[in-house]
Structure formats: C-alpha cells, structure tokens
1. Each label point is 7 Å from the Cα along the Cα-to-Cβ direction; what then is the distance between the points at Tyr54 and Phe35, in nm?
2. What is the set of long-range amide H partners of Val83 at a cut-off below 5 Å, with H atoms built 1.01 Å from backbone N?
3. Can you run phi through the Karplus equation (6.51, -1.76, 1.60; θ = phi - 60°) for the stretch 34-39 and list ³J(HN,Hα) in whole Hz, with x for Gly and Pro?
4. Full extension from Leu192 to Asn102: what is 0.36 nm times the residue separation minus their Cα-Cα distance, to one decimal in nm?
5. At 222 nm, what value in deg cm²/dmol follows for the chain if DSSP H runs of at least 4 each add -39500 (n - 2.57) and the sum is divided by all its residues, to the nearest 500?
6. Mind checking which of Val162, Thr143, His182 is farthest towards the positive end of the stretch 138-192's charge dipole, using Cβ charges of +1 (Lys, Arg) and -1 (Asp, Glu) about the Cα centre?
7. Treating the Cα atoms of the stretch 1-51 as identical point scatterers in vacuum, please give the log10 of the normalised Debye intensity I(q)/I(0) at q = 0.17, 0.21, 0.23 Å⁻¹, two decimals.
8. So how strong a dipole does the stretch 3-197 carry about its Cα centre when Lys and Arg Cβ are +1 and Asp and Glu Cβ are -1, to the nearest 20 debye?
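What follows is calculated from the coordinates using simple rules that are stated; it is not laboratory data. For clarity, every value in this text was computed on a predicted model and none was experimentally measured. We place every Cβ from the backbone using ideal geometry, glycine too, and count neighbours over all the protein chains shown.
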Amino acid sequence: MKKQVVIIHGGTTFDSYGEYLKYLLSCELSVEKLFKKDWKDLLASELPDFEVLYPKMPNAKNARYPEWKIWFEKLFPLLYDDVTLVGHSLGGIFLAKYLTENSFPKKIKSLHLVAPPYDTEHCKESLADFALSGKVDGLEKYTDKIFLYQSKDDPSVPFADVLKYEKDIPSAKLIPFEDRGHFTQEEFPELLNNIKSA
C-alpha cells in the first residue's frame, strides 16, 4: 500500500458578497497567472512512493468553511491510516480549524501548515467563517510531527501568525524563511524532505 499525502490549497474568503464582487472587478489576469504551477502541482512527481491527493476545494475565490468541510469529509473513504496532511495558507487554517473542532477518522503521520493565517489581528484579508474559535492546541492528539513553515517577507500572512501557532503547539517544529514570500515557488525541498523523513 502506498503512503498518502493530501494537499489542501489556499484561497480567498470575504465577509460579504459585495466584497467578493469588488475583488473580482479589481483582480487582474495574465497568461502567466493562468498557467503558473507551484510546488503543490509538482509534488506528486517528486514523491513517486506516495499517492498525492490534491482536491480542488469548492469556490476557492470565495471560499466558505462549511463547503470545504463537506468536500474534505468526502475524501475520508479514500484515505489510509498514516496519511500526511499539508495545508497552504487558507488550507492551513482550514486543517487547523477542522482538526481542532472535529474528529478525524485516520491516523495522521505528519501535519504540515504552510503560511497559515491565525487571526485577523495583523492579517489584511478576512478569514470569514474560517476564523479559529480558540487555540489549536488539540492538534497534538493526532500526531507528534507537526511542521510550521512561514517566511518573514510573506505579503499575505504576517510572521506573527506562525508564532501564535507555535505558542499553541509547543511540540511543533517551526521552519522560518527570510525570502519565500507566500510560498508560490515551484520547488519546496524543505517540505519534501520533511514529508519523506516523518
């Protein structure tokens, strides 16, 4: 049986439909944006011994937590024990919220939260119904291998947010960076190595 990795991508969420429409009107498209691939798209080719599941979460441009929760739970019959979970940005806070507020039916080998927002204290964007209802200290009941990745130059999620996760989860391993922005690069060797060695 192959080992599994589930990647939950990021997205945007808004407090109102009007704010969402305003975002759509102001958002600029380019050919480069439409065809850009990053480490999430390429992870499967770099992990040939793993089955990499990369579900496209509903309405990523106007994400709603209840919709993502339903879609995430549809994956459960497909998962093996010792699954590795990776969440990037909104996907990171989604996993933290879900695992804090619900039970997960499988053993988790390792949990990787990449640039996850924690709250809106320093964040410029709304978290709407993805906002955490409290601390995320319950994550340790699932695995003792929790990794936090954050760059000091991230334009979307402040470094202060990852320090809040680190405070809630003292056993988590923080991997700080100076120059990765919001982790949209094609390669992510540190994550790759941690998935393989966990």
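1. Taking the simple label geometry, Tyr54 and Phe35 are separated by 1.7 nm.
2. Those qualifying (amide H under 5 Å, at least 5 residues apart or on another chain) are Lys107, Lys109.
3. Result, rounded to whole Hz: 5, 10, 5, 10, 10, 4.
4. Details: separation 90, 0.36 × 90 = 32.40 nm, distance 2.74 nm.
Full extension of this stretch gives 29.7 nm more.
5. Rounded to the nearest 500, the figure is -9000 deg cm²/dmol.
6. Thr143
7. One equal scatterer on each Cα of the stretch 1-51 leads to -0.74, -0.87, -0.94.
8. On the way: 25 positive and 31 negative charges, 93 e Å.
Taking the Cα centre of the stretch 3-197 as origin, the dipole is about 440 debye.
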